[in-house]
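Take a look at the structure below.
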Amino acid sequence: MSMSMSMSMSKSSSSSSSKSKSMSMECVEKGIRMCASKYNFDAEECLRLIMDNMDSKKKKTEVLKSKFALPYNGEMNGDLCFGISRNNGLYTQCTSNRKSDEAYCSKCSKQAAANEHGLPDYGNIQDRVSKYNKNELFVDPSGKSPIAFVKIMKKLKLSEEDVRMECERMGITIDPRHFEVTAKKSGRPKQVKPEKEEKEAKPKGRPKKSKKVLELAGEEEDLFASLVMSANTVVNNDVKEEVTVEVKEEVKEEVVEKPVKDKKKKVSEDKEEKKLALQKEKEEKKLALQKEKEEKKLALQKEKEEKKLALQKEKEEKKLALEKEKEAKKFLKELEKQEKQAIAEIKKENKEKKETKKEKKVEAKVEEKVEAKVEAKVEEKVEEKEEADVVKKIVFEGKKYLKSKKTGIIYNMEQDVIGKWNEEKQRIDFNAEGEESEDEYDEDM
């Protein structure tokens, strides 16, 4: 019994709620039409806009959420936001809903408005689709590109089968390229050195001195000249040997010392370059952070100003709406008063008409009765005149009556016929009319 009672109560409550909703909608429609007639705007268009807004609030696309981040596979959902979510570095489509007349959700549209390039922080899905179809690497506006999905699988300890099962549940066909592992060589990349131009091979050491050719002037000087020639040749040979030994040792020292010095120079230059690069990176990061902070501050200030403006606008709209509602209520009250007054006047007129009809009927009945009584009395008087009836007073049951000696007809004291005397039973047999007249007579007494 309790279950049936609860079911009936729930049904009645649902029916009453639906009735109240329909009544409220009717009231709203009536109020809008009245306001439209007063303020000169299109009521049908206003009602259509309200209904469209209600339908758009009801219809919201439900998006399945995956258990873990899935890679991008060239898909694009036209009902969702056209911005890109970073999604653990995979750069997939934003899963937020968007309005039919806008490209992005509220978050992505704010980012697009704040950025100089007019796109969200991570770009839009159209560029992602075009790059994917051309098998090119996607790069976001900040210069970053998606990471390999294999790294996320390794981090989350996922197998290929787990990923495929989740993709089937989500209705996604995964690209097999996401399971490929790209091997990278360890260490620094080789520096390509420019090829040196080949130099002509030159003999080592000092250049040889050209020997002077000696000519003898005469026969007497032959011995002396030969001795000088031999001494010069011996000296030249000794000097050559000493010089060649010294030159070889110097060349060896230069050959040994040069690569060592070059290596030290390169190491020091590399360190200095690294230091400069690190300093440059730090300065760039600082500048980027400062820029980001300034941009965030500007964005926050912009948001605050927009919120203030929106709040002011809402307040003004609420005030206008309240004023319009008040005016509409006043207008409705005035209409209701006028309707009530009209109804009261109509009722009054109907009442008066009914009363006049009743009075006429009563008057007609009274006139008929009066005429009938007058005719009866006239007839009685005529009969009395024609033949006078002799009566005597009698008392029956404590009341006085008149009895005719000839006919035995009984009259009341007003000389109305009320019955006849019964000799056998010694009582009055009253007529129906006589009884009524007798009651009236009693009341008069």
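Taking every residue in the range 75-86 that is assigned by TED's automatic domain parsing to the domain that holds ASP175 and of a type in the set (Lys, Arg) and pairing it with any residue that is loosely packed, with under 15 Cβ neighbours inside 10 Å and assigned to a strand (DSSP E or B), at least 6 positions away or on another chain, yields no pair with a Cβ-Cβ distance below 6 Å. Total residues in the range 88-116 satisfying the condition of being among the polar types (S, T, N, Q), in a loop (DSSP other than H, G, I, E, B) and touching a strand residue (DSSP E or B) at 6+ places or on another chain (Cβ under 9 Å): the figure is 2.
For the range 48-101, taking the residues that are among the hydroxyl-bearing types (Ser, Thr, Tyr) and under 29 Å from ARG33 (Cα atoms), the one that is modelled with the highest pLDDT is identified as SER100.
Failed condition for LEU119, given (1) of a type in the set (A, V, I, L, M, F, W, C); (2) touching a residue at least 40 places away in the same chain (Cβ under 8 Å); (3) crowded, with 18+ Cβ neighbours inside 10 Å; (4) not in a helix (DSSP H, G or I), with all others met? With (1) of a type in the set (A, V, I, L, M, F, W, C); (2) touching a residue at least 40 places away in the same chain (Cβ under 8 Å); (3) crowded, with 18+ Cβ neighbours inside 10 Å; (4) not in a helix (DSSP H, G or I) applied to LEU119, the lone miss is (2). Within the range 315-333, residues that are touching a residue at least 12 places away in the same chain (Cβ under 8 Å) have Cβ atoms under 9 Å from residues that are aliphatic (A, V, I, L, M) in these pairs: ALA328/ILE32; ALA328/MET34; PHE331/MET34; LEU332/MET34, counting only partners at least 6 apart in sequence or on another chain. Do we have SER109 as of a type outside the set (Phe, Trp, Tyr), crowded, with 17+ Cβ neighbours inside 10 Å, within 15 Å of the chain's Cα centre (by Cα) and modelled with pLDDT of 90 or more here? In short, yes. Among the residues of the range 132-156, which ones are under 12 Å from TYR91 (Cβ atoms) and in a helix (DSSP H, G or I)? Once the filter is applied, which keeps residues that are under 12 Å from TYR91 (Cβ atoms) and in a helix (DSSP H, G or I), the range 132-156 yields TYR132, PHE149.
With respect to the conditions (1) β-branched (Val, Ile, Thr); (2) surrounded by 15 or more Cβ atoms within 10 Å (Cβ to Cβ); (3) farther than 13 Å from ASN73 by Cα, ILE147 lacks only one, and its number is (2). Residues in the range 159-187 that are in a loop (DSSP other than H, G, I, E, B), of a type outside the set (Asp, Glu) and at pLDDT 55 or above: SER159, GLY171, ILE172, THR173, ILE174, VAL181, THR182.
When VAL129 is tested against (1) in a loop (DSSP other than H, G, I, E, B); (2) of a type in the set (Val, Ile, Thr); (3) at pLDDT 90 or above, exactly one condition is not met: (1).
The values are calculated or read from the model by the stated rules, or taken from the named source; none is laboratory data. Not measured: the values here are computed from a predicted model. We place every Cβ from the backbone using ideal geometry, glycine too, and count neighbours over all the protein chains shown.
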